6 protein chains.
Amino acid sequence: MSRLSHLDAQGRASMVDVSAKGETARSATARGKVVLRPDILGDIAAGQMPKGDVLTTARLAGIMAAKRTDSLIPLCHGLPLSHVAVDFSLDHDTGTITIEATAKTTATTGVEMEALTAVSVAALTIYDMAKAADKGIVIADIRLIAKSGGKSGDWSAA
Amino acid sequence: MSRLSHLDAQGRASMVDVSAKGETARSATARGKVVLRPDILGDIAAGQMPKGDVLTTARLAGIMAAKRTDSLIPLCHGLPLSHVAVDFSLDHDTGTITIEATAKTTATTGVEMEALTAVSVAALTIYDMAKAADKGIVIADIRLIAKSGGKSGDWSAA
Amino acid sequence: MSRLSHLDAQGRASMVDVSAKGETARSATARGKVVLRPDILGDIAAGQMPKGDVLTTARLAGIMAAKRTDSLIPLCHGLPLSHVAVDFSLDHDTGTITIEATAKTTATTGVEMEALTAVSVAALTIYDMAKAADKGIVIADIRLIAKSGGKSGDWSAA
Amino acid sequence: MSRLSHLDAQGRASMVDVSAKGETARSATARGKVVLRPDILGDIAAGQMPKGDVLTTARLAGIMAAKRTDSLIPLCHGLPLSHVAVDFSLDHDTGTITIEATAKTTATTGVEMEALTAVSVAALTIYDMAKAADKGIVIADIRLIAKSGGKSGDWSAA
Amino acid sequence: MSRLSHLDAQGRASMVDVSAKGETARSATARGKVVLRPDILGDIAAGQMPKGDVLTTARLAGIMAAKRTDSLIPLCHGLPLSHVAVDFSLDHDTGTITIEATAKTTATTGVEMEALTAVSVAALTIYDMAKAADKGIVIADIRLIAKSGGKSGDWSAA
Amino acid sequence: MSRLSHLDAQGRASMVDVSAKGETARSATARGKVVLRPDILGDIAAGQMPKGDVLTTARLAGIMAAKRTDSLIPLCHGLPLSHVAVDFSLDHDTGTITIEATAKTTATTGVEMEALTAVSVAALTIYDMAKAADKGIVIADIRLIAKSGGKSGDWSAA
């Protein structure tokens, strides 16, 4: 007789079934930081980095990555994004670039991962363009700030 | 007469020319953290998260993302990766997962971004699989730990 | 006079027009097999393969590939997948891993290719992780098992 | 006190917010030309190019590229394409291949870029397959021919 | 005191380190079958399928997929392919299309997965283009036929 | 007896075998034009387009597309690009943006398609960002300007 073992017990990954959920308008905003030497931040703000305009490049990289979130995060659903924006604020004293990304969709599942992915890839792009000048760059404090839509309703970080 | 303006002044981005650099064996190690509620970390360690095995999924997502670094980071060169590994250590008291990724290549340019991308996407994957249980997850402290190879030689964080 | 030849006769490929079809909930299940040496199958089941956890890796590879079906199969429409699952059953006597994948969507066109792609890439991943131990692995018998939704209604293999 | 500068002034790129727009059926047709030596065009028409069937390859490349438009054009929204077709007409006297592509969707934003991308990548593919025989190939006159759907209504080139 | 558990024990997946291996010229050939109704095979051979030229489309899909093998198979290394070819032979009596793919590279690791991926995606493409006419299509018997290069030397299936 | 027909006659596409060719340093430069209303060109030059900085976005899109050329053009070999640059010159009288892209590699095959793809996708990106203001934009005159390296040696357009 054949020994047959089924492995579909708990512990197996799947892309969870959202087919019974209704579509709603959804939005999510995430934030993160890149901390580098203040003089490097000055060069970035002045557009004087040898690899080019750091913040514009990071913004576009974040937007493009948001559109590919479901191909990066294994169990994420693909979503038709209706809006993505990535913005920066600079604190010259501490050498901190704060990145904020917002993503929107009308879908059966939330858009948090798209906003977080935009922040992460924008941060990595800043790192890439500044790393020749500063090996000690740190990407810090990436988190969800607010979300709206879906069954669980609106939420924002305290 | 035609007014003709050339825009190729400073500030323009380009993928820098590495064609005159020699190939050397290179390695880079990066590290980062995901901080979540300690009870959620317990469920992750016990393999009891509803979306599946979190750390194995995150490891594979990180490895696969490392191979696509040059398509995420606009000015990164494509590299033939000879090795990628992603590992985790868990601190149950503080609810902290430390992610460490190492990438290797033999190429004319360094492999830091690949290691940092692996850490970032592994962190995002953990976030995705745990977010239904904890909206306050934070991805923290992503940085380069060590690199070897290339003209600038070996380096490790203090 | 100019000789002008139009080539848009029969024989030309196109992505067929589904714009007049209504969206319905759709599901498809596909199945396939990987046949390898029974002792290798034992090592896989015991989690003792040197490249890592074979079935978890194959499951994730299958899920991720399902999401990219339209970029692999030239004339496939892109679909918003609402669910993908990949499971395995092992027959230790014959050295056979049976892979079963289910995909769901709400769309104007069917989701068979997504289920079949998930099975195929899961099978290739098993092959990749076991090939150092067994050059004679065979991927066999990939077929559609059942589908539901759409104008042609429900169908299942005899 | 910390100097804090916000960079989100004009000049920043974003994927514009279309979440308040209604979905409508949309169509766009684009056209472009590849001009090469007439004898090479004869070989293409006769299926005698060493790299294979040029027009079939170009057609498929154009269709596949249309499906990836949003990953190529940074601020393009992802769209579920319901139809893509690419066709060719040949003028043997002038060595001109005219490429025409039509894309359709039901979405909140237009499908012009998908049609233009299909034409562009089909043209590049013809170039690639013929370049060993003719270094002077020119891709010319890529433009929108007609569009329908959306708030701005139907439009066609004069 | 902090409880700290390291998870990098056996069972973890990694992209194995090939940095110490020398580059050699490598080749691999794989084969597989698609079995469908003989009358459908007749229509395919005659170029009379409504979706277009099935075998040309399948050949190109297989070639393009081979180039993306490392993004589909999680632990596969990226390889610079120097050659990919996909060919077909038809057995009209049994309704069988035999697909054979060959891939070549000069690299530190083998090219079997690229050849197997080309066969698999070519088979899925045939399935896609014929499935409206025949729901009972089977993809069968995908296996490695021969490989050369590398430390283990030449090998061919008995 | 089984009727067996081989289809691998001429007319079949393949990625040509370059495994016997030696690696050499190669470079290619391509050029193309986007022609739009002069007042729109003025707005682009002044950074006053509502979708953001057009030329910086187009430059990055071109660079990123160059890195993906082998996934867009079916029979193109993958190449490790050592340099990509995209630049613009503006003729305000005629409303013409001239795009020039240079790509470099050390490889067994040429890098023309990468330079041409960079120009084409940069042009499409300009089109996308300006199309709301001008439906009559034309992408024109994309061609190779110069190449160096390889068996055929240096070449430049007359």
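The values are calculated or read from the model by the stated rules, or taken from the named source; none is laboratory data. These numbers were taken from a predicted model, which means no experiment stands behind them. Backbone-built Cβ (ideal geometry, glycine too); neighbour counts: all protein chains shown. Calculation scope for accessible area: heavy atoms of the full protein, side chains included, ligands and nucleic acids excluded. Shrake-Rupley method; radii C 1.70, N 1.55, O 1.52, S 1.80 Å.
Just one of the listed residues (C:Ala25, C:Ala30) is of a type in the set (A, V, I, L, M, F, W, C), part of a strand (DSSP E or B) and under 20 Å from A:Thr109 (Cβ atoms), and it is C:Ala25. If you go through the stretch A:19-30 one residue at a time, do you hit one that is over 25 Å from B:Ser120 (Cα atoms) and within 7 Å of another protein chain (Cβ to nearest Cβ)? There is at least one residue in the stretch A:19-30 that is over 25 Å from B:Ser120 (Cα atoms) and within 7 Å of another protein chain (Cβ to nearest Cβ). Among the residues making up the stretch B:13-41, those that are within 19 Å of B:Phe88 (Cα to Cα) and open to solvent by 30 Å² or more (accessible area, probe 1.4 Å) are B:Arg31, B:Lys33, B:Val35, B:Arg37, B:Pro38, B:Asp39.
Considering (1) more than 11 Å from chain F (Cβ to nearest Cβ); (2) out of contact with any helix residue (DSSP H, G or I) (no Cβ under 8 Å at 6 or more places or on another chain); (3) touching a residue at least 60 places away in the same chain (Cβ under 8 Å), the lone condition that D:Ile40 does not fulfil carries the number (2).
A count restricted to the stretch A:43-82 and to residues that are in contact with a strand residue (DSSP E or B) (Cβ under 6 Å, 6 or more places away or on another chain) and touching a residue at least 60 places away in the same chain (Cβ under 8 Å) stands at 4.
Going through (1) more than 15 Å from B:Pro80 (Cβ to Cβ); (2) touching a helix residue (DSSP H, G or I) at 6+ places or on another chain (Cβ under 8 Å) one by one, E:Ala46 falls short only on (2).
For F:Ala158, the stated conditions do not hold, so it cannot be described as within 29 Å of D:Leu55 (Cβ to Cβ) and open to solvent by less than 10 Å² (accessible area, probe 1.4 Å). The set of residues in the stretch C:108-145 being at pLDDT below 95 and over 22 Å from C:Thr94 (Cα atoms) consists of C:Thr108, C:Thr109, C:Gly110.
Just to be sure, is B:Val84 facing another protein chain (nearest Cβ under 7 Å), β-branched (Val, Ile, Thr) and touching a His at 6+ places or on another chain (Cβ under 8 Å)? The answer is no for B:Val84. With respect to B:Leu116, is the statement that it is closer than 19 Å to A:Ala58 by Cα, in a loop (DSSP other than H, G, I, E, B) and of a type outside the set (Asp, Glu) true? In short, no. The set of residues from the stretch C:78-112 being more than 30 Å from C:Ile40 (Cβ to Cβ), open to solvent by less than 10 Å² (accessible area, probe 1.4 Å) and not in a strand (DSSP E or B) comprises just one member, C:Val111. Among the residues making up the stretch B:113-154, those that are out of contact with any Asp or Glu (no Cβ under 6 Å at 6 or more places or on another chain), farther than 18 Å from B:Asp87 by Cα and open to solvent by 30 Å² or more (accessible area, probe 1.4 Å) are B:Lys131, B:Ala132, B:Ala133, B:Lys135, B:Gly136, B:Lys151, B:Ser152, B:Asp154. Of all the listed residues (F:Ser148, F:Ser156, F:Ser120, F:Ser152), the sole one being among the hydroxyl-bearing types (Ser, Thr, Tyr) and within 30 Å of D:His77 (Cα to Cα) is F:Ser120. Under the condition of being of a type outside the set (A, V, I, L, M) and more than 7 Å from chain F (Cβ to nearest Cβ), which residue from the stretch D:49-59 is nearest to D:Leu116 (Cα to Cα)? Per the stated criteria, the residue is D:Arg59.
Of the residues that make up the stretch B:134-148, is at least one within 14 Å of chain E (Cβ to nearest Cβ), closer than 28 Å to A:Val54 by Cα and touching a Phe, Trp or Tyr at 6+ places or on another chain (Cβ under 9 Å)? Scanning the stretch B:134-148, I find at least one residue that is within 14 Å of chain E (Cβ to nearest Cβ), closer than 28 Å to A:Val54 by Cα and touching a Phe, Trp or Tyr at 6+ places or on another chain (Cβ under 9 Å), so the answer is yes. For the stretch D:60-75, filtering for residues that are open to solvent by 10 Å² or more (accessible area, probe 1.4 Å) and either more than 10 Å from chain F (Cβ to nearest Cβ) or of a type in the set (A, V, I, L, M, F, W, C) (or both) leaves 3.
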